[in-house]
Amino acid sequence: MRSLLFVPGDSRKKLDKALDSGTDVLLIDLEDSVALDAKETARATASAFIQEHRHTTGRPRLFVRVNGLTTGMTDADLDGVMQASPDGIVLPKTVGGTDVAHLGAKLAVREAEFGLEDGATRILAIATENAAGVFALGTFAGASHRLMGLTWGGEDLSADLGAEVNRDEDGAYTEPYRLARSLTLFGAAAAGVDAVDSVYTNFRDMAGLEAECRAARRDGFVAKMAIHPAQVPVINEAFNPSPEAIQRARTVIEAFKARPGAGVVGVEGEMLDRPHLLRAERLLKRAGAL
């Protein structure tokens, strides 16, 4: 996956339009973009949409962002959408692996209840929306076989910290949010799951979005969330491995195959060791999945 597009769960019109956006994952939202008195409508709308498109060929993956575990609404959200068999659940306000394990248990019960494949529903955790979550980023390893990715958020975190803004006058994240972003990368790597970059809120600034995407890819993120369909093509292009990168990765892998057991090989004038091989294998795996 490269792009994950948020869509309000109470708007069938926006959901239908988002299907043609080119995004790899639709994040059907029951949380922030849905008013409290519209939650039940959003659950019903999301469920009907997933049921209608779950067998559609070539569709994006369909994930649902539920309300957080401390809101008292998570169970109602799951009861409303799990029968439709979404591909995954996005858990906001996650505080470490304990929350992921808790959600995993809830999903297991509903998969059994609705006759779904055990373990089929994946989890994407938004892991930095409060200070407690930032301190728990090292606890996701082994929390659940369902966990497929970690992502971070700077908007809720800034509210939790009481900050005036989370970006400086040049549009770059200030230090607390750069730290949260970096720790999300480390947490995802430690847990062996994908690291997904946060949204770029200025949906009219495509140049800024592209620059942030390329910086994220450079640092190790494999995808980015979007809040507007117009952002999707920019994100997809930025996270597509280039033909040159793919060929380079193949060359590195072939060099190690030619010298089995070697710790270091020479490729185009460079001495490369095992971390370079791992990086090349990951790139080809991601390119193949795309």
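What follows is calculated from the coordinates using simple rules that are stated; it is not laboratory data. In this text, all values refer to a predicted model and were calculated from it rather than measured experimentally. Positions of Cβ are generated from backbone atoms using ideal geometry, with glycine treated the same way; all protein chains shown enter the neighbour counts.
Couple of notes before you dig in:
- Counted by Cβ distance under 14 Å from Val34, the other residues give a net charge of -2, where Lys and Arg count +1 and Asp and Glu count -1.
- Volume per residue of the C-alpha convex hull in the stretch 243-289, rounded to whole Å³: 64 Å³
- If both residues of a DSSP beta bridge must be in the chain, then about 15% of such bridges are antiparallel.
- Taking other residues whose beta carbon is less than 10 angstrom from the beta carbon of Leu107, and scoring Lys, Arg as +1 and Asp, Glu as -1, yields +2.
- Rounded to the nearest 10 degrees, the angle from helix 243-258 to the longest Cα principal axis of the chain is 60 degrees.
- In the chain, lysine pairs closer than 29 Å at Cα, eight or more apart or cross-chain: 18
- Computed from the Kirkwood radius of its Cα pairs, the Stokes-Einstein diffusion coefficient for the stretch 122-201 at 25 °C and 0.890 mPa s stands at 193 µm²/s.
- Highest-MSF residue in the chain out of Gly187, Gly153, Gly142 [GNM, Cα springs under 10 Å]: Gly142
- Helix-only mean residue ellipticity at 222 nm for the chain, each DSSP H run of n ≥ 4 adding -39500 (n - 2.57), per residue, nearest 500: -14000 deg cm²/dmol
- Scalar couplings 3J(HN,Hα) for the stretch 42-47, obtained by applying the Karplus form with A = 6.51, B = -1.76, C = 1.60 to θ = phi - 60°, are 5, 4, 5, 5, 4, 4 Hz; x denotes Gly and Pro.
- Evaluated at q = 0.13 Å⁻¹: base-10 log I(q)/I(0), Debye formula over Cα of the stretch 135-290: -0.73
- Dimensionless Rg over Rh [the chain; C-alpha; Kirkwood]: 0.99
- Each residue of the stretch 221-228 was assigned a 3J(HN,Hα) from its phi angle through the Karplus expression (A = 6.51, B = -1.76, C = 1.60, θ = phi - 60°), giving 5, 10, 7, 9, 7, 10, 10, 8 Hz with x at Gly and Pro.
- The chymotrypsin sites (Phe, Trp or Tyr not before Pro) found in the stretch 132-175 include none that occupy coil by DSSP while having at most 15 further C-beta atoms within 10 Å.
- For the stretch 237-284 versus the stretch 15-34, the gap between their alpha-carbon centres in whole angstrom: 36 Å
- Taking amide H positions as modeled 1.01 Å from N, with prolines and chain starts lacking one, the residues under 5 Å from Ala223 and 5 or more places away or on another chain are Asp197.
- Each residue of the stretch 20-33 was assigned a 3J(HN,Hα) from its phi angle through the Karplus curve 6.51 cos²θ - 1.76 cosθ + 1.60 (θ = phi - 60°); the sequence is 9, 6, x, 5, 7, 9, 8, 9, 7, 9, 10, 9, 5, 7 Hz, with glycine and proline shown as x.
- Under 5 Å from the amide H of Arg122 lie the amide H atoms of Gly88, Ile89, each residue being 5 or more positions distant or on a separate chain, with H modelled from the backbone and absent for Pro and chain starts.
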